[in-house]
Amino acid sequence: MIHHDSEHRLWVLSGPSSSYVLHLDEADRPRVLHWGPRLTPEQAASLLLRLPRPGFRPVEDPLEGSFDLVATGGLCYGQAGLQVRFADGTRDLELVFTGQRRTDRELVLAYADRHYPLAVECHYRLYGDVIERHLVLCNEGEPVTVVRADSATWVLPRLDGYRLSSVRGQWGAETRLHRAELPYGETVLTSRRGVTSHQANPWAMVDDGTAGEEHGAVYSCALAWSGSWRLTAQRLPTERVTLSAGAGHDPVTWELGTGEELVTPVCAGLYTEGGFGAASRAWHDHQLRHVLPHPGEIRPVLYNSWEATGFDVSLDGQIRLAESAARMGVELFVVDDGWFGARTHDAAGLGDWYPSPHRFPDGLGPLIDRVHELGMRFGLWVEPEMVNPDSDLYRAHPDWVIHRPHRTRTEHRNQLVLDLSRPEVGDWLYRTLDELLSKNAIDFLKWDMNRPFTEAGPDDRLWLGHVHTLYDVLDRLRAAHPHVRIESCSSGGGRVDLGILRRTDQVWTSDNTDALDRLDIQHGFSQLYPARVMGAWVTDSPNPYTGREIPLDFRFHVAMAGVLAIGGALTEWSRADLDRAAELVADYKRIRPLVQHGRQYRLRPPDGELSAVQYLASDGREAAVLVYRRARRFGHADPGIPLRALDPDARYRDTATGEVHHGAVLLTHGLFPDLAPGDYASALVHLVRE
Ligand code: DGJ
């Protein structure tokens, strides 16, 4: 709820356990007085008495780094989330407060420049303890260049120390958790690629350096944007810290014409206690309740043909895989790359979204019918933002790609990016996919995006425009084909963020399907994103990418920590492996409501010998625990794994062995799963409260 104290120009935005307190000072600057545990309006108002007394003038400006809207101008030398250049070259903004609009959950604080007709609105929306914030800029004067318009600048209180948690990565090694002291100055996490990126992900968490998985206060924010972005964590010498995030990157700017409006994406902020585990669970809960389009659904067990066939796609081959997958218990069969146009390798066909006349002379109908007959849903891979120069589309419209006249058209994976900011390209994209979905009984699209932007221009607007069109096309396709579900993919996990998750149902986490590497990738992924969206395939051993040999059970148990899928060459698997796989798929189906909709507890991180993750039903009646021993050292006995959030007075029955455990013992001494001796041993334990 949102409380306003007009006498003190104070707003208190409170969720069930936290409050954010804003005060408009005499210069109309929105000062953050508090972000932390919940305060009553009276307690919040008392903070005004604690502001520095007039006459006390320390050497440094004590207010720098304490405003939730920071524009360039005056004596502001720190990081400014709002930067513009007016037509006459003026860069300083002088904002005056012009009013507010407010409901129980929404607040708009409106400002305007004192001279130039530019209005700036700060929008806040409360979802429990999550505060979504964005800006709306409206220009009634001569064109203004928007250099930076961060959706939010989050102001942290004074802490004894500052530690930044974020993820770093690369193709095949996404979302690897990095936790280190926040250096003085500005730490910039960014993507300049036109897509969210493998290298960084648009979220950050800050704690005082002492928080653990289960204890401590954590301040976090996440940006809902799937193009290039930047998040600046600023630590001033005065020990003030801000996190400021928005769409765009240096040196891209946005021309705001007369009468035009710029609405930034949302950046959400969250204060939690109870360590990184509680912060992650709060983010998962937020996405399950307020971000995902079909949050209540259970994601089906999926089969994807990519690792089995590569580009060697044929009707018979796909049917053989589908029959094998159906016997294993798969519920959704997805044909990956290679089904369309002249796509027999990665140098041709992108852009020509009709079934290959050689491979599917009667269209996709016979394959789709067979998949449906087998009791599975049918999914299809597309990469519709791209074109190969060797394609009918490119030959007809060479000007549709992002390019500059006197520059090389840099190819990456032999492909170029379509400029979706051009209206005719956006129209073509929608029409093409709408026709594909209308003519074929497709239940699921895997929407891929395999290369970053190059030679973008002349108008910088395309960096934002591309993403706006992408969102618009996804929204329209969903409305026109409400039964279709969509997976976001970008060479693995290159487009995972709260913006794309508002429009898709799951994501492809990484092209690296090696179960050992996956433990790290999934650990980092889970810091912000829920298991309900994390696509995880079981593939062949040795792994085609890393060459590592890992037993089938371990591979399955790792993939069961998300949305289980199979991606192996099933026609090569032994009878014994196929039978065992069917048992493991059945095991997963029993626990998947817990994995996909329960609360996740990271019991032991994946960097040691033994790691484990627990999923607890929201009513606490069932728990699933996945345990992994990557390597046994020195013949040591495995330690017990204390579980979390069980009822100490209750008893829990292991559904496989029938053994009954006391809650109090599981919480303290822990679970001792029956792991096979040796390396790559794993177990799934399903506990039901008696
Ligand atoms: C990249 C994806 O991440 C893979 O899963 C696969 O779909 C290929 N593209 C196909 O080209």
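The values are calculated or read from the model by the stated rules, or taken from the named source; none is laboratory data. All figures in this text were calculated on a predicted structure; none of them were measured in a lab. Quick reminder, even Gly has a Cβ in these numbers, built from the backbone with ideal geometry, and neighbours come from all protein chains shown. For the accessible areas, the whole protein counts, side chains as well, though only heavy atoms, and no ligand, DNA or RNA atoms are used. Shrake-Rupley method; radii C 1.70, N 1.55, O 1.52, S 1.80 Å.
What's the local net charge at A200, with K and R +1, D and E -1, over the other residues with C-beta under 15 Å away?
Result for the local shell: +3.
Can you give the calculated 222 nm mean residue ellipticity of the chain, where each DSSP H run of n ≥ 4 adds -39,500 (n - 2.57) and the sum is split over every residue, rounded to the nearest 500 deg cm²/dmol?
Helix contribution divided over all residues of the chain: -6000 deg cm²/dmol.
Given +1 on the Cβ of Lys and Arg, -1 on the Cβ of Asp and Glu, and no further charges, what dipole in debye does the chain carry about its Cα centre, rounded to the nearest 20?
With only Lys, Arg, Asp and Glu charged at Cβ, the dipole is about 900 debye.
Return the equivalent ellipsoid semi-axes of the range 419-529 as a descending list in whole Å, where each equals the square root of 5 times an eigenvalue of the C-alpha gyration tensor.
Each semi-axis is the square root of five times an eigenvalue, giving 26, 20, 12 Å.
How charged is the neighbourhood of R422? Take every other residue with its Cβ under 12 Å from the Cβ of R422, and add Lys/Arg as +1 and Asp/Glu as -1.
-4
Hey, can you find the accessible area per residue of the range 540-614 for me, probe 1.4 Å, expressed in square angstrom?
Per residue, the range 540-614 has an accessible area of 37 Å².
Karplus couplings for the range 104-110 from phi (6.51 cos²θ - 1.76 cosθ + 1.60, θ = phi - 60°), rounded to Hz, Gly and Pro as x?
Once rounded to whole Hz, the list reads 4, 10, 10, 9, 10, 9, 10.
Leaving out ligands, DNA and RNA, and with a 1.4 Å probe, what % of the accessible surface on the range 475-560 is carbon or sulfur?
48 percent
Could you tell me the center-to-center distance, by alpha carbons, between the range 513-543 and the range 396-426 in angstrom?
Cα centres, the range 513-543 to the range 396-426: 33 Å.
For the range 343-460, with all protein chains present and a 1.4 Å probe, just round the carbon and sulfur fraction of the accessible area to a whole percent.
The computed percentage sits at 48.
If amide H atoms are built 1.01 Å from N in the plane of the peptide, which residues on other chains or at least 5 residues away come under 5 Å of the amide H of F340?
S356
Could you calculate the contour length gain from S46 to L159, that is, 0.36 nm times the residue separation minus the distance between their Cα atoms, to one decimal place in nm?
38.7 nm
Show me, for the range 340-351, the HN-Hα J-couplings you get by feeding each phi into the Karplus relation (A = 6.51, B = -1.76, C = 1.60, θ = phi - 60°), rounded to Hz, glycine and proline as x.
So the J values, rounded to whole Hz, are 10, x, 9, 7, 9, 7, 7, 9, 8, x, 4, x.
With no solvent and one equal point scatterer per Cα, compute the Debye intensity ratio I(q)/I(0) for the range 487-586 at 0.14 Å⁻¹ and report its log10, rounded to two decimals.
Scattering profile of the range 487-586, log10 relative to I(0): -0.51.
For a protection proxy built on the mean count of beta-carbon atoms within 10 angstrom, sort 551-562, 410-421 highest first, please.
Averaged packing, sorted descending, gives the order 551-562, 410-421.
A656's amide H: which non-local residues (gap 5+, or another chain) put their own amide H closer than 5 Å, with H modeled 1.01 Å from N in plane and none for Pro or chain starts?
H686
How large is ³J(HN,Hα), in whole Hz, for each residue of the range 451-460 in order, when computed from phi with the Karplus curve 6.51 cos²θ - 1.76 cosθ + 1.60 and θ = phi - 60°, using x for Gly and Pro?
Calculated HN-Hα couplings, in order: 8, x, 6, 9, 6, 6, x, x, 8, 4 Hz.
Which percent of Cα pairs goes in each bin when the distances of the range 88-186 are cut into 10 angstrom slices starting at zero?
11, 29, 28, 24, 7, 0
Helix check for the chain. Which DSSP H runs span at least 27 Å along their own axis by Cα, with a mean Kyte-Doolittle hydropathy no less than 0.0?
461-480
Accessible area of the range 147-291 with a 1.4 Å probe: how many percent of it is carbon plus sulfur?
49 percent
Size of the range 317-410 along its principal axes in angstrom, Cα-based, largest extent first?
56, 24, 17
Measuring with a 1.4 Å probe in the full set of protein chains, what accessible area per residue, in whole Å², belongs to the range 321-386?
Using a 1.4 Å probe on heavy atoms only, each residue of the range 321-386 averages 31 Å².
Please report the net charge: other residues with Cβ closer than 14 Å to the Cβ of R604, K and R +1, D and E -1.
Taking every other residue near R604 into account, the sum is -2.
Against the empirical 2.2 N^0.38 Å scaling, what ratio does the C-alpha Rg of the chain come to?
Ratio of Cα Rg to 2.2 N^0.38 Å: 1.00.
Quote the Stokes-Einstein diffusion coefficient, in whole µm² s⁻¹, for the range 144-238, based on the Kirkwood radius over alpha carbon pairs, a temperature of 37 °C and a viscosity of 0.692 mPa s.
The diffusion coefficient I find is 228 µm²/s.
Cα centroids of the range 87-138 and the range 352-368: how far apart, whole angstrom?
52 Å
5 Å is the cut-off here: which amide hydrogens, built 1.01 Å from N in the peptide plane, fall below it relative to R651, excluding neighbours closer than 5 in sequence?
Those lying under 5 Å, H to H, from R651 are G663, E690.
Between the range 198-275 and the range 449-505, what is the separation of their alpha carbon centroids in Å?
20 Å
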